[in-house]
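Read-outs throughout are calculated quantities, based only on the coordinates presented, and are distinct from any laboratory measurement. Note that this is a predicted model, so its numbers are computed, not measured. Virtual Cβ from ideal backbone geometry, glycine too; neighbours counted across all protein chains shown.
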Amino acid sequence: MTLDTTPDDDELALRRPAAAEESSRASRQWWDRNADEYQEEHGEFLGDDRFTWCPEGLDEAAAQLLGPTAELAGRRVLEIGAGAAQCSRWLAARGALPVALDISLRQLQHSRRIDEQRGTAPVPVVQADGEQLPFADGAFDLACSAYGAVPFSADTARLMREVHRVLKPGGRWVFSVTHPIRWAFPDEPGPEGLTATSSYFDRTPYVEQDANGRATYVEHHRTVGDRVRELVAAGFTLLDLVEPEWPNRLTEAWGPWSPLRGRHLPGTAIFVARRG
């Protein structure tokens, strides 16, 4: 999942263009540097084998956005931006055949660590960029991504085409991202995060860069309409757009996600699509 970041003292946060190569390099290096801290901070919430779509805590076990849980057995599933493969581990426990892909080697090493600590069969993992999937056409029945890859991709139209290519006809592609409306508001969990300060229609990427102007972290914004058009252009049919509400049981903030903001603004958008 996307982590609210704080630039180092020698870094500058700004909005500027960032092409695919620069974005990919920044994401790989940032997650390799910060994977340990991320897993330590959020590991309890994510669990070792929990499939949760978002900070609001919507689990696949309840939502069944990939289809009925009882029908997962034997299905080949690609998890894109898998981190430590918690979602893939949940899928494997239900008889699915997942492959966990991430751009960060360190994140995938955490996946192996979890498997070794649990004494369970390792989840198959692949280090690769979501815009260049190293799989054959029609290799998977389902594809999913819980806050992985999509927000960090400079060319999500290409990413959608790649997912379409590796899915079988009729296969579902479900992914969650920070709700696009949040880009108009400051990344603050308190009252200051409830006042729009930017244009929702400004697609300029958020970039953290070092003193030499080299990007160290990049996220890309698309409007809801942009996401729908990318899916349709790639050959998908949009089945649902889920906007989870903040549950009363969650009383702590996760970066800019908080009970206060969750009562007023959607924090997550989950796109459910089917390959034509």
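Odds and ends about this structure:
- Peptide packing: for 35-46, 166-177, the average count of neighbouring Cβ atoms within 10 Å per residue gives the ranking 166-177, 35-46, highest mean first.
- Gain upon complete extension [Ala73, Leu14; 0.36 nm per residue less C-alpha separation]: 16.7 nm
- Charge dipole of segment 12-275 about the Cα centre (unit charges at C-beta), most positive-ward option of Gly119, Asn248, Gln132: Gln132
- One quarter of the surface of the convex hull around the alpha-carbon atoms of segment 1-129 equals 8.9 nm², the direction-averaged projected area.
- Between segment 108-172 and segment 40-60, the alpha-carbon centres lie 18 Å apart.
- 18 Å reach of a label modelled at Asp59, 7 Å along Cα-to-Cβ, counting backbone N of segment 73-96: 73, 85-96
- The charge dipole of the chain, taken about its Cα centre with unit charges on the Cβ of Lys, Arg, Asp and Glu (plus for the first two, minus for the last two), comes to roughly 1220 debye.
- For the chain, the square roots of the Cα gyration tensor eigenvalues, ordered a ≥ b ≥ c, give a/c below 1.5, which places it in the rounded category.
- For the chain, the longest principal axis of the Cα atoms and the long axis of helix 224-234 meet at an angle of about 40 degrees.
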